[in-house]
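Here is the structure we will look at.
The values are calculated or read from the model by the stated rules, or taken from the named source; none is laboratory data. Fair warning: this is a prediction, and the values are worked out from it, not measured in the lab. So basically every Cβ, Gly included, is an ideal-geometry build from the backbone, and we count neighbours across all protein chains shown. Quick note on the areas: whole protein, heavy atoms, side chains included, nothing else; ligands and nucleic acids left out. Shrake-Rupley method; radii C 1.70, N 1.55, O 1.52, S 1.80 Å.
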Amino acid sequence: VTLLTDYGPASEHVGALHALIARRCPEAVRVDLAHDIPPGDVRRGAAVLARVAPLAGPAIHLAVVDPGVGTDRRGVAVGCHDGSVVVGPDNGLLAPLCARLGAERAVEIASAAHRRDPVAPTFHGRDVFAPAVAHLAAGGALDDLGPGVDPAGLVVLSLPPPAWDGALLTATVLGADRFGNVQLGAGAAEWNRLASALRVRGPRGRGVPARRGTVFADVAPGDLVVHVDADGHLAVAARDGSAVGLLGVAPGDRVEIAPG
Amino acid sequence: VTLLTDYGPASEHVGALHALIARRCPEAVRVDLAHDIPPGDVRRGAAVLARVAPLAGPAIHLAVVDPGVGTDRRGVAVGCHDGSVVVGPDNGLLAPLCARLGAERAVEIASAAHRRDPVAPTFHGRDVFAPAVAHLAAGGALDDLGPGVDPAGLVVLSLPPPAWDGALLTATVLGADRFGNVQLGAGAAEWNRLASALRVRGPRGRGVPARRGTVFADVAPGDLVVHVDADGHLAVAARDGSAVGLLGVAPGDRVEIAPG
Amino acid sequence: VTLLTDYGPASEHVGALHALIARRCPEAVRVDLAHDIPPGDVRRGAAVLARVAPLAGPAIHLAVVDPGVGTDRRGVAVGCHDGSVVVGPDNGLLAPLCARLGAERAVEIASAAHRRDPVAPTFHGRDVFAPAVAHLAAGGALDDLGPGVDPAGLVVLSLPPPAWDGALLTATVLGADRFGNVQLGAGAAEWNRLASALRVRGPRGRGVPARRGTVFADVAPGDLVVHVDADGHLAVAARDGSAVGLLGVAPGDRVEIAPG
């Protein structure tokens, strides 16, 4: 069983999920994928889930980034080609992972027999999704959880693609990690077309000189390197520093990378 | 074995507890309930412990929020009706959980045979409580840990109750979560008496308009909703925003909720 | 298997390590020692690793604080006297633990058969070190990972020792914990020579009165106590407050402690 949420590291909400699963199925191998997703950032959660969950191999993947909890968005459990089941809200969070693992069938989580009673309107993670995962982990059937739905009908969130204007690249900030490395919605194809001397600019900042490179050590301490990161994304990093701080950018911002 | 502390997420102090328990009893199922309790906030730790630990079912519950470490406050292990044992400092942290689980007998942790030697005066979690838990997890007897004490004599912290002055409700801030939701020392009984249009005010802020509701989506983005949260507490939340930020409140503050 | 990194609590990078190890070896007992090491602070990571990892007993210890990832610094696996194997970058991070456990033999991690393909130049934790650990956890031989190297040749980082000028002690800040307690590169020998009334001063701050003591309760709330902490280090703590904040110090700073 893997777990990914925006509940915050070592928070009581994460603890509640673990406690419920461990109680029902003590022998389950539990792996925390990430709990530091920015609150409510479904897009970021979806990207992290799709790249990290497959490392665990076939598993039950529980993911909850759910700003619409309590509305009529569906909760689903999706059976995939490799035997994995992906459980969580159908708000765009699950679709990229399901596409990667090959969604084969899906159910809407609706059975009153496999949830806590009463269900708190703001904590479906504890009261709906974790009980569903515990049921599956203990060997229960997917179909017990509710009626079948079309696995091709999962909600998908789109992202503005990278854009070229001559030698000027514009790409969207997907997020940043603890080191202040800025990940962009672009990849190796865009990196290959960049010049070696660059200038990077966010919407609220001035242009900052940068170099196209492959490792942090390609630039002097404090300087920016534009590289392809460990997830295959174009990224901006500051050696021994924070690219987020230098550029002043936030998720969703458009960043310009020009020859410089 | 469950663990709750104010040591901070993924800190070395938490790691030390896990390492000691895993060494003595590798087969123990370890569940982190929470480690982001505000430093030294015994009252908050007690509330979180009492609501999350029962989700794990019968277990050994290790809890350490211990600003008085090294003074003469007792360390205790409390055997409860469901077979659980609750281990930690007797400073108010354990009493609410023990009351909920039904304390049946208790010992003061005093045996030199079941602690690390020497005991650091500022880290009883590592040197006293984790070894006691490891002893119990490995099948050791409660009575080995020290002399029996009265389970009804545990330290209890009290909280100012909610108060009505006509239609004006005053309640105490228990804490806030990562999403900026403010939890109050009141519940569904108070919620039922509130008007639908409200004004919420902290001790240092101006009144902020709010609505009585059940889910975040009951209000427009950025607006406040006063609801009963997933723990049964009256709570103030800002849809897609932070109620803590809007109200400027901190744990222990008194908040006024008036018709507006 | 123990894990220590500077990846940040509950981050996806930590999740990736756990996922890979759990996939290859589900029965491995995984213990998080710490993931809140300040980014790139190899010295701090080395100190935490050396004091916490031994609590877990014989184990495979995976440690990654690796600002030089992608350069020619070596990755190594070191077999120790107690049967432990220590895995990570050879940049000073591993040497103190290996010295404590007694390094007996070492290999450079170089085998293409035991890494992910391709290796991302900025994420050896996921692509090189975790696969090596999974190999060892599943019973694989140390020698499979690469050619033998001299275990006495590990990189060692040095630290300025504490210095006395009459009754004035100067020591280096090793780091601070969540409570704002400042740990210094000195120990019980220095504490024994201190006066009972003291004045503590960082490089950017004014002298702050303090007392020599053993527990936080030795001083009034908000006041400073100079004590020997749970790791045997000289440390400065503020009762119910933050010594870091009062002194304005950061890791690497030199702090003066004078009679006052």
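Spacing of the modelled spin labels on B:Ser196 and B:Leu168, each 7 Å from Cα toward Cβ, amounts to 2.5 nm. In sequence order, region C:15-28 has phi-based couplings of x, 5, 4, 4, 4, 5, 5, 5, 5, 6, 9, x, 7, 4 Hz under the Karplus curve 6.51 cos²θ - 1.76 cosθ + 1.60, θ = phi - 60°, and Gly or Pro positions carry x.
Ascending distances from the A:Gly248 label point to its copies in the other chains, with the point 7 Å along the Cα-to-beta-carbon line: 2.6, 2.6 nm.
Here is how the number arises for chain C: DSSP H runs of 4 or more residues each give -39500 (n - 2.57), the sum is divided by the residue count, and the result at 222 nm is -5500 deg cm²/dmol. Restricting the calculation to Cα atoms, region A:142-185 shows an Rg/Rh of 1.28 when the hydrodynamic-style radius is the Kirkwood one. With a Förster radius of 30 Å applied to the C-beta separation of B:Thr71 and B:Arg204, the computed FRET efficiency comes to 0.40.
Calculated translational diffusion coefficient of region A:1-106 (37 °C, 0.692 mPa s; Stokes-Einstein with Kirkwood radius over alpha-carbon pairs) equals 240 µm²/s. Shortest first, A:Ala188 label-point distances to identical copies amount to 5.6, 5.7 nm, with the label point at 7 Å from Cα along Cα→Cβ. Here region C:1-50 is assigned +1 on the Cβ of each Lys and Arg and -1 on the Cβ of each Asp and Glu. Its dipole about the Cα centre then comes out at about 160 debye. The Rg/Rh ratio of the protein assembly as shown, with both radii computed over alpha carbons and Rh defined as the Kirkwood radius, is 0.96. Note on A:53-64: average number of Cβ atoms from other chains within 10 Å of each residue's Cβ is 3. In this structure the amide hydrogen of C:Gly241, modeled in the peptide plane, comes within under 5 Å of the amide hydrogens of C:Gly222, none closer than 5 places in sequence on its chain.
Chain C residue nearest the axis that carries C onto B, by Cβ, with distance in whole Å, is C:Pro9, 2. Solvent-accessible area assigned to carbon and sulfur over region C:134-248 amounts to 53 percent, based on a 1.4 Å probe. Here region B:5-59 has 54 percent of its accessible surface on carbon and sulfur atoms, given a 1.4 Å probe and all protein chains in place.
For a modelled paramagnetic label at B:Ala138, 7 Å from Cα along Cα-to-Cβ, the residues of region B:21-37 in reach, with backbone nitrogen under 11 Å, are B:21-26.
Distances between equivalent label points of B:Gly68 across the copies, with each point positioned 7 Å along Cα→Cβ, amount to 5.0, 5.0 nm, shortest listed first. Computing Rg and the Kirkwood Rh from the Cα coordinates of chain B gives a ratio, Rg/Rh, of 1.04. Counting only heavy atoms of the protein chains and using a 1.4 Å probe, B:His81 has close to 140 Å² of accessible surface. At 1.4 Å probe radius, can you tell me the per residue accessible area of chain A in Å²? Averaged over the residues of chain A, the accessible area is 37 Å².
Spatially, region C:1-32 and region A:184-260 are offset by 29 Å when compared through their Cα centroids.
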